Amino acid sequence: MLIKHKVKVLVGLLVLAVGIVMWPAYEYFAYKGKIGFPAFYQFIEIPNDSPSTQLVHNKRYAQAGIKALELLTQHKTSINAPAISAAVAIDGEIVWAGASGWADIEAEIPVTTETQFRIGSTSKALTATALTRMVDGKLINIDKPISAYMHDLPNANWYNITPRQLVSHMAGLPHYKENTDYLGLYKTMSLSSRFEQVEDALEVFDGSELLFEPGTQFSYSTFGTVLLSAVMQSAAGLPYLDIMQQQVFDPLKMTATMAEFKIENKQNLAAFYWNNEGRTDQVRKWRKVDLSHRLAGGGFVSTSSDLVKMGSAYLQDDFISVKTRNIFWTPQTLPDGNKTPGNYALGWRVLRGNIDDDMPEITFANHGGVSRGAQSWLMVIPEYKMCVAVNINANTDEFWDFGKVSMLLAKLFVLSH
């Protein structure tokens with residue numbers, strides 16, 4: 001009887017251990033909509049009322065601001081997002097910022113223009129901006145092998161990769177699902193591991209194979225940006241976050257932009273919600289996640305106002321030189337002569353198009369981001385010396401279902417200019 005009891009205890013402990021290990025994976029697939037949530041999970045409805053606020057920094061745009069705030073509220077409702085925020089900068093100055101909805105439904109906290117959102121892969125444009133400043137300061141050569149800067153690379157296949165290849169997604173690094181470092185793959189699903197230093201985060205993918213010979217193809221990879229951040233800090237002799245602070249955040253007064261895992265006072269941080277990618281107004285808060293493993297490529301939080309400050313800086317020749325801006329805003333060419341998908345340049349996508357059918361073709365430098373319970377969009381329009389940013393604390397099935405409001409906002413302010 002004693003042996004049977006011990007066996008039962010051991011089996012019970014084994015089942016419990018497996019459950020603890022597999023629970024994060026279960027939640028991963030549930031929040032991705034691949035499997036159902038547990039029956040005991042509670043959902044709430046997005047309130048019908050939508051408190052809104054705006055800051056008109058230039059009275060010339062007062063009427064445009066009123067219409068823009070109405071647009072935001074309508075758009076938020078149409079995509080079932082609890083909250084939305086946006087900002088517009090023209091000629092290097094923020095002219096308007098607005099927000100509508102709820103930063104935290106349960107706590108009844110309305111969103112404001114100071115509410116911080118996860119910005120997902122828009123973080124890549126932040127990292128690229130610091131890289132431009134390092135290039136201008138002759139701290140790094142983007143066409144030199146990264147082994148010249150980082151001598152203790154944990155994967156021999158990385159030695160001849162260049163910063164240009166990393167920032168343009170032509171290095172052959174895997175993205176999350178392509179990661180063959182299986183312990184690292186698990187960690188990106190459980191999202192519970194803390195990496196205080198960017199070089200420590202390399203362990204998540206340093207055992208993975210390259211997808212192709214560097215420079216021969218394009219494959220979008222957040223891990224490539226994480227590796228880039230480690231190379232940047234080796235080249236500069238400073239921690240990555242210090243580089244970001246000194247080269248980007250402090251000069252541009254981006255006081256609301258920071259690594260999410262470093263935030264101590266979270267009073268301005270939005271709550272992030274699962275909404276079945278915009279298909280329902282029945283929502284629940286996203287599970288707690290740690291995004292420190294993807295910091296440079298997807299772990300920052302910011303405000304729409306901060307993002308347009310950075311976008312506008314690209315139009316200031318005293319912040320980034322014309323030569324370097326042109327390098328970073330030139331879509332890369334593949335060996336077969338074709339441009340990279342989406343006209344990906346260096347940390348930005350750069351396209352030609354128009355705001356509306358009745359308006360002329362112009363240039364759009366942009367980057368978007370998707371994170372757990374959040375989406376972000378930043379675009380710069382050089383011809384109009386304009387920058388627009390939009391953020392939500394939920395997700396949509398198709399990214400442009402969310403991002404298209406930026407074009408309506410841009411048209412409003414172009415016609416008011």
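Tell me which of these residue 172 doesn't satisfy, since it passes every other one: (1) open to solvent by 10 Å² or more (accessible area, probe 1.4 Å); (2) in contact with a helix residue (DSSP H, G or I) (Cβ under 9 Å, 6 or more places away or on another chain); (3) part of a loop (DSSP other than H, G, I, E, B).
Among (1) open to solvent by 10 Å² or more (accessible area, probe 1.4 Å); (2) in contact with a helix residue (DSSP H, G or I) (Cβ under 9 Å, 6 or more places away or on another chain); (3) part of a loop (DSSP other than H, G, I, E, B), residue 172 violates only (1).
Looking at segment 343-358, is at least one residue surrounded by fewer than 22 Cβ atoms within 10 Å (Cβ to Cβ), in contact with a strand residue (DSSP E or B) (Cβ under 7 Å, 6 or more places away or on another chain) and assigned to a loop (DSSP other than H, G, I, E, B)?
yes
Determine if segment 77-95 includes at least one residue that is within 19 Å of residue 283 (Cβ to Cβ) and open to solvent by 40 Å² or more (accessible area, probe 1.4 Å).
Going through segment 77-95, the residues within 19 Å of residue 283 (Cβ to Cβ) turn out to be 77-85.
After this cut, where a residue has to be open to solvent by 40 Å² or more (accessible area, probe 1.4 Å) as well, the list is 77-78.
The answer is yes, given that some residue of segment 77-95 is within 19 Å of residue 283 (Cβ to Cβ) and open to solvent by 40 Å² or more (accessible area, probe 1.4 Å).
Taking the stated definitions as given, is residue 266 open to solvent by 40 Å² or more (accessible area, probe 1.4 Å), without any contact (Cβ under 8 Å) to a residue 40 or more places away in the chain and either under 17 Å from residue 374 (Cβ atoms) or in contact with an Asp or Glu (Cβ under 8 Å, 6 or more places away or on another chain) (or both)?
Here the answer is yes, as residue 266 does meet what is asked.
Of all residues in segment 387-406 being part of a strand (DSSP E or B) and under 13 Å from the mean Cα position of the chain (by Cα), which is farthest from residue 278 (Cα to Cα)?
Step one: filter segment 387-406 for residues part of a strand (DSSP E or B), giving 387-392.
Narrowing further to those that are under 13 Å from the mean Cα position of the chain (by Cα): 389-392.
Working: 389: 20, 390: 16, 391: 14, 392: 11 Å.
Among residues in segment 387-406 that are part of a strand (DSSP E or B) and under 13 Å from the mean Cα position of the chain (by Cα), the one farthest from residue 278 (Cα to Cα) is 389.
Would a scan of segment 31-40 turn up a residue that is in a helix (DSSP H, G or I) and either touching a residue at least 24 places away in the same chain (Cβ under 8 Å) or open to solvent by less than 60 Å² (accessible area, probe 1.4 Å) (or both)?
Yes: one or more hits.
Which one of 132, 127, 122 is in contact with a Phe, Trp or Tyr (Cβ under 9 Å, 6 or more places away or on another chain), assigned to a helix (DSSP H, G or I) and more than 26 Å from residue 373 (Cβ to Cβ)? So that I can check it myself, show each step before the final result.
Details: 127 fails: more than 26 Å from residue 373 (Cβ to Cβ); 122 fails: more than 26 Å from residue 373 (Cβ to Cβ).
Selected residue: 132, the only one of 132, 127, 122 that is in contact with a Phe, Trp or Tyr (Cβ under 9 Å, 6 or more places away or on another chain), assigned to a helix (DSSP H, G or I) and more than 26 Å from residue 373 (Cβ to Cβ).
Test residue 272 against the criterion of being closer than 25 Å to residue 84 by Cβ, modelled with pLDDT of 95 or more and either surrounded by fewer than 18 Cβ atoms within 10 Å (Cβ to Cβ) or more than 19 Å from the chain's Cα centre (by Cα) (or both), and give yes or no. Let's see the steps before the verdict.
Details: closer than 25 Å to residue 84 by Cβ: yes; modelled with pLDDT of 95 or more: yes; either surrounded by fewer than 18 Cβ atoms within 10 Å (Cβ to Cβ) or more than 19 Å from the chain's Cα centre (by Cα) (or both): no.
Here the answer is no, as residue 272 does not meet what is asked.
Answer yes or no as to whether residue 354 is of a type in the set (S, T, N, Q), under 22 Å from residue 55 (Cα atoms) and in contact with a Pro (Cβ under 9 Å, 6 or more places away or on another chain). Before the answer, list the steps.
Numbers: of a type in the set (S, T, N, Q): yes; under 22 Å from residue 55 (Cα atoms): no; in contact with a Pro (Cβ under 9 Å, 6 or more places away or on another chain): yes.
When the stated conditions are applied, residue 354 does not pass them.
In segment 4-16, is there at least one residue being modelled with pLDDT of 80 or more and exposed (fewer than 14 other Cβ atoms within 10 Å of the Cβ)? Steps first, please.
Taking segment 4-16 as the starting set, the residues that turn out to be modelled with pLDDT of 80 or more are none.
Looking for residues that are modelled with pLDDT of 80 or more and exposed (fewer than 14 other Cβ atoms within 10 Å of the Cβ), one finds none in segment 4-16, hence no.
For segment 127-143, check the following and say yes or no: at least one residue is over 20 Å from residue 238 (Cβ atoms) and surrounded by 16 or more Cβ atoms within 10 Å (Cβ to Cβ). Full working, then the answer.
First, the residues of segment 127-143 that are over 20 Å from residue 238 (Cβ atoms): 143.
Restricting the remaining residues to those that are surrounded by 16 or more Cβ atoms within 10 Å (Cβ to Cβ) gives none.
No: zero hits.
I'd like to know if segment 379-386 contains one or more residues that are more than 28 Å from residue 109 (Cα to Cα), part of a strand (DSSP E or B) and touching a Cys at 6+ places or on another chain (Cβ under 6 Å).
Looking for residues that are more than 28 Å from residue 109 (Cα to Cα), part of a strand (DSSP E or B) and touching a Cys at 6+ places or on another chain (Cβ under 6 Å), one finds at least one in segment 379-386, hence yes.
Considering each of 308, 289, 301 in turn, give the residue that is within 16 Å of the chain's Cα centre (by Cα), in contact (Cβ under 8 Å) with a residue 40 or more places away in the chain, crowded, with 18+ Cβ neighbours inside 10 Å and part of a loop (DSSP other than H, G, I, E, B). Reasoning before the result, please.
Details: 308 fails: part of a loop (DSSP other than H, G, I, E, B); 301 fails: part of a loop (DSSP other than H, G, I, E, B).
Within the list 308, 289, 301, the selection yields 289.
Among the candidates 225, 216, 180, single out the residue that is part of a loop (DSSP other than H, G, I, E, B), under 30 Å from residue 26 (Cα atoms) and among the polar types (S, T, N, Q).
Working: 225 fails: part of a loop (DSSP other than H, G, I, E, B); 216 fails: under 30 Å from residue 26 (Cα atoms).
So the residue among 225, 216, 180 that is part of a loop (DSSP other than H, G, I, E, B), under 30 Å from residue 26 (Cα atoms) and among the polar types (S, T, N, Q) is 180.
For segment 365-381, state whether one or more residues are open to solvent by 10 Å² or more (accessible area, probe 1.4 Å), more than 23 Å from residue 224 (Cα to Cα) and of a type outside the set (S, T, N, Q).
no
The values are calculated or read from the model by the stated rules, or taken from the named source; none is laboratory data. Keep in mind the model is a prediction, meaning the values are calculated, not measured. All Cβ positions, even for glycine, are placed from backbone atoms using ideal geometry, and neighbour counts span all protein chains on display. Just the protein is used for accessible areas: all its heavy atoms, side chains included, with ligands, DNA and RNA removed. Shrake-Rupley method; radii C 1.70, N 1.55, O 1.52, S 1.80 Å.
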